[in-house]
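**Student:** If you scroll down you'll find the structure; I have some questions about it.
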Amino acid sequence: MKVLLIKDVYKLGRAGDIKKVADGYGRNFLLPQGLAVLASAGALKQVEKIKSQAEIRRNAQNNELKGIADQIKEVTLIFPAKAGETGKLYGSITTGDIAAALTEKIRFEIKRQQVDTQPIRALGEFTAHVRLTMDLVPELKIIVHREGESPESITGHHEEAEAHEEKPAPAPETPAEPAAEEKAE
């Protein structure tokens, strides 16, 4: 099914684009939500008008949310969590948890669908992207530390773990080499 996008659709395209989509996606999501119309001859005549209106709307939205994007870049979310000996969490920190904590911190509603990250299942420092608009995607710093410990302790453990990983282990002598020399003699 060919559709003409009326509004920007994440991971599909911008307003005014003509896209070929699966019939079910177009019929059950794009058309009922008012995000697209069927790409008929009459609709194709309005492409330039839709693009110009969308550009104006996109610029206004970007200007409006620029201050919030700057606030998000400065935020560091800290989550205490129960974890095992290896640093693996009992449970996980989800996009819903991140969105709720961020909403509380910056006093602007962020939905869980706007947070782009996989669920966090280990101790350490992570980054997540918050999709405000298609053009504004600020990065957010997240620190997950063990309950009862200070957040700074996790950065110390993280650096120690990296230091241990960087040291190459001495290569063991392989018994295949002496055997090859004996056969040559």
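**Student:** Applying the selection to region 27-49, what residues are assigned to a helix (DSSP H, G or I) and closer than 15 Å to residue 2 by Cβ?
**Tutor:** 27, 30, 41, 42, 43, 44, 47
**Student:** Next question, about the same structure. Which members of region 2-49 meet the condition of being touching a residue at least 24 places away in the same chain (Cβ under 8 Å) and at positive phi?
**Tutor:** 16, 34
**Student:** Hey, among the residues in region 101-128 that are within 25 Å of residue 67 (Cα to Cα) and free of Cβ contacts under 8 Å to residues at least 12 places away in the same chain, which one's surrounded by the most Cβ atoms within 10 Å (Cβ to Cβ)?
**Tutor:** Among them, the one singled out is 103.
**Student:** Same structure again: When the residues of region 105-154 are filtered to those that are modelled with pLDDT under 90 and among the hydroxyl-bearing types (Ser, Thr, Tyr), which remaining residue is nearest to the chain's Cα centre (by Cα)?
**Tutor:** Result: 133.
**Student:** Right, next: Can you find even one residue in region 123-130 that is out of contact with any helix residue (DSSP H, G or I) (no Cβ under 9 Å at 6 or more places or on another chain) and of a type in the set (Val, Ile, Thr)?
**Tutor:** Within region 123-130, one or more residues are out of contact with any helix residue (DSSP H, G or I) (no Cβ under 9 Å at 6 or more places or on another chain) and of a type in the set (Val, Ile, Thr).
Residue-by-condition table, conditions (1) loosely packed, with under 14 Cβ neighbours inside 10 Å; (2) farther than 24 Å from residue 114 by Cα; (3) out of contact with any Asp or Glu (no Cβ under 7 Å at 6 or more places or on another chain); (4) among the polar types (S, T, N, Q):
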site: 5; (1), (2), (3), (4): no, no, no, no
site: 11; (1), (2), (3), (4): yes, no, yes, no
site: 21; (1), (2), (3), (4): no, no, yes, no
site: 25; (1), (2), (3), (4): no, no, yes, no
site: 28; (1), (2), (3), (4): yes, no, yes, yes
site: 31; (1), (2), (3), (4): no, no, yes, no
site: 42; (1), (2), (3), (4): yes, yes, yes, no
site: 45; (1), (2), (3), (4): yes, yes, yes, no
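The values are calculated or read from the model by the stated rules, or taken from the named source; none is laboratory data. Predicted, not measured: the structure shown is a model, and the values here were computed from it. Methodologically, a virtual Cβ is constructed for each residue, glycine included, from the backbone with ideal geometry; neighbour enumeration extends over all protein chains shown.
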